[in-house]
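The values are calculated or read from the model by the stated rules, or taken from the named source; none is laboratory data. All values reported here derive from a predicted model rather than from experimental measurement. Every residue, glycine as well, gets a Cβ built from its backbone with ideal geometry; the counts of neighbours run over all protein chains shown.
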Amino acid sequence: MIVVMEEGAGEALVQQVIDRMVEMEFTVHRSTGLVHTVLGGVGPEERIDPQEFEVMEGVKEAHRIMSPYKLASRHFRPGGTVVKVREVEIGGEEMVLMAGPCSVESKEQIRRCAEVVAEAGGKVIRGGAFKPRSSPYSFQGLGEEGLQMMREAADAHGLLVISEVMDSSQIPLMMRYSDLLQVGARNMQNFNLLRELSKIRKPILLKRGIAATIEELLLSAEYVLSGGNYEVILCERGIRTFESYTRNTMDLSAIPVVHKLSHLPIVADPSHGTGRRDQVIPMARAAVAAGADGLLVEMHPDPDHARSDGAQSLRPEQLIELSRQLKMIAPAVGRKM
């Protein structure tokens, strides 16, 4: 249930409503906007009675939320959520570029990547230190050493760091080096991991699973939100279909659908979405036109010799060219870069 307070309702009136919701065994989540305070209550379905709250002093309106995801719903924050990390805002007016290699391989490689990302106007460098690979014989990442390398390279160029967390035991380590924690497609429904991430106060980028519906993606986000971490960014990275020409099928329709259903920002990953270097730039352009709040792109100084995902990684000059094109596309859809 959502309770919207009247404009200017004082703290005493807000607390009175919260106390009543708690009395009715609801868990209360508060969202304070520029005009209205919104209270989201999650509790016993049989006790949800909007009329009981609509007559309370200071309440503008109350609604029963029928969707299975309550806190991820657009009703909870009608104005949308902007995730701010230092000076970077994801979900705001600016379209944010995040780029880097699939995995950190060496100091020289990640330093070169950071130089290119900064030159392209990117704000975040991505790179894996722990890699969930389909084969146990594939390169698994450099672990903490890789995180240290990426942090140093990012700091040298004023960039933020995003890297994938695979297990709850890695969270303390990732917190030391990363500004944003990524949950990969394979872990989208790792609910134990999501519960642990709900307890921290660091932004989580949640990727859509390879066979997940949009509703399932939003329900996974709900796990993080329900624990009190409201800094969640969704990511469309392609789903598995019967098509075999591309690695995955990039579901660009998910971007406007998510914006309609949820207040959470959503970025697009055209690298995993297609698995083909020649398709990354066209799909990146299309994602921005569709309303993506940012892009997560793989780029490698020498993709032909990359230890993972070289076939879908842009070359440095291609990332620079993509950035140039996006600076023309973004204003056409009311964004800037």
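Residue-wise test of (1) assigned to a helix (DSSP H, G or I); (2) buried (at least 21 other Cβ atoms within 10 Å of the Cβ); (3) among the β-branched types (V, I, T).
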residue	(1), (2), (3)
S138	no, no, no
G141	no, yes, no
E145	yes, no, no
E152	yes, no, no
S163	no, yes, no
S169	yes, no, no
P172	yes, no, no
R176	yes, no, no
How many residues are modelled with pLDDT of 95 or more and either closer than 15 Å to R126 by Cβ or hydrophobic (A, V, I, L, M, F, W, C) (or both) when one looks only at segment 300-310?
3
From the list L314, L319, L296, pick out the single residue that is closer than 20 Å to R186 by Cα, surrounded by 20 or more Cβ atoms within 10 Å (Cβ to Cβ) and at pLDDT 95 or above.
L296
Which numbered condition S271 misses (of (1) in contact with a helix residue (DSSP H, G or I) (Cβ under 6 Å, 6 or more places away or on another chain); (2) on the phi > 0 side of the Ramachandran plot):
(2)
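State all residues of segment 269-293 that are assigned to a loop (DSSP other than H, G, I, E, B) and either modelled with pLDDT under 95 or under 19 Å from A118 (Cα atoms) (or both); if no residue qualifies, say none.
Passing the criteria: D269, D293.
I want to confirm something. Restricting to segment 184-200 and keeping residues that are free of Cβ contacts under 8 Å to residues at least 60 places away in the same chain and out of contact with any helix residue (DSSP H, G or I) (no Cβ under 7 Å at 6 or more places or on another chain), which single residue is nearest to M98 (Cα to Cα)? Show your work before the answer.
At the first step, the residues of segment 184-200 found to be free of Cβ contacts under 8 Å to residues at least 60 places away in the same chain are 184, 186-200.
From the residues that got through so far, the ones that are out of contact with any helix residue (DSSP H, G or I) (no Cβ under 7 Å at 6 or more places or on another chain) too are 184, 186, 190, 199.
Working: G184: 15, R186: 20, N190: 24, K199: 25 Å.
Per the stated criteria, the residue is G184.
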Meets criteria (surrounded by fewer than 16 Cβ atoms within 10 Å (Cβ to Cβ), in the same structural domain as S308 (by TED's automatic domain parsing), within 21 Å of G291 (Cβ to Cβ) and touching a residue at least 24 places away in the same chain (Cβ under 8 Å)) for P203:
no
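Restricting to segment 38-57, give me the number of residues that are in a strand (DSSP E or B) and either under 16 Å from E11 (Cβ atoms) or among the small types (G, A, S) (or both). Reasoning before the result, please.
Filtering segment 38-57 down to residues in a strand (DSSP E or B) leaves 38-42.
Now narrow it down to the ones that are either under 16 Å from E11 (Cβ atoms) or among the small types (G, A, S) (or both): 38-41.
Residues that pass the stated criteria total 4.
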Only one residue in A114, A120, A156 is exposed (fewer than 15 other Cβ atoms within 10 Å of the Cβ), more than 20 Å from the chain's Cα centre (by Cα) and among the hydrophobic types (A, V, I, L, M, F, W, C), so which one is that?
A156
Kindly list the number of the only condition in (1) farther than 30 Å from R201 by Cβ; (2) in contact with a Gly (Cβ under 9 Å, 6 or more places away or on another chain); (3) touching a residue at least 40 places away in the same chain (Cβ under 8 Å); (4) not charged (D, E, K, R) that fails for A287.
(1)
How many of the residues making up segment 13-37 are in a loop (DSSP other than H, G, I, E, B) and either within 30 Å of the chain's Cα centre (by Cα) or of a type in the set (D, E, K, R) (or both)?
6
Only one of R237, R315, R324 is touching a Pro at 6+ places or on another chain (Cβ under 9 Å), assigned by TED's automatic domain parsing to the domain that holds I90, of a type outside the set (A, V, I, L, M, F, W, C) and farther than 28 Å from A211 by Cα. Can you tell me which?
R315
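Condition check ((1) in contact with a strand residue (DSSP E or B) (Cβ under 9 Å, 6 or more places away or on another chain); (2) without any contact (Cβ under 8 Å) to a residue 40 or more places away in the chain; (3) surrounded by 14 or more Cβ atoms within 10 Å (Cβ to Cβ)) across all residues:
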position: Q15; (1), (2), (3): no, yes, no
position: I18; (1), (2), (3): yes, yes, yes
position: V22; (1), (2), (3): yes, yes, no
position: V28; (1), (2), (3): yes, yes, yes
position: H36; (1), (2), (3): yes, yes, yes
position: P44; (1), (2), (3): no, yes, no
position: D49; (1), (2), (3): yes, yes, no
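Might you let me know whether segment 218-235 holds any residue that is in a loop (DSSP other than H, G, I, E, B) and either free of Cβ contacts under 8 Å to residues at least 24 places away in the same chain or in contact with a Phe, Trp or Tyr (Cβ under 8 Å, 6 or more places away or on another chain) (or both)?
Among the residues of segment 218-235, not one is in a loop (DSSP other than H, G, I, E, B) and either free of Cβ contacts under 8 Å to residues at least 24 places away in the same chain or in contact with a Phe, Trp or Tyr (Cβ under 8 Å, 6 or more places away or on another chain) (or both), which makes the answer no.
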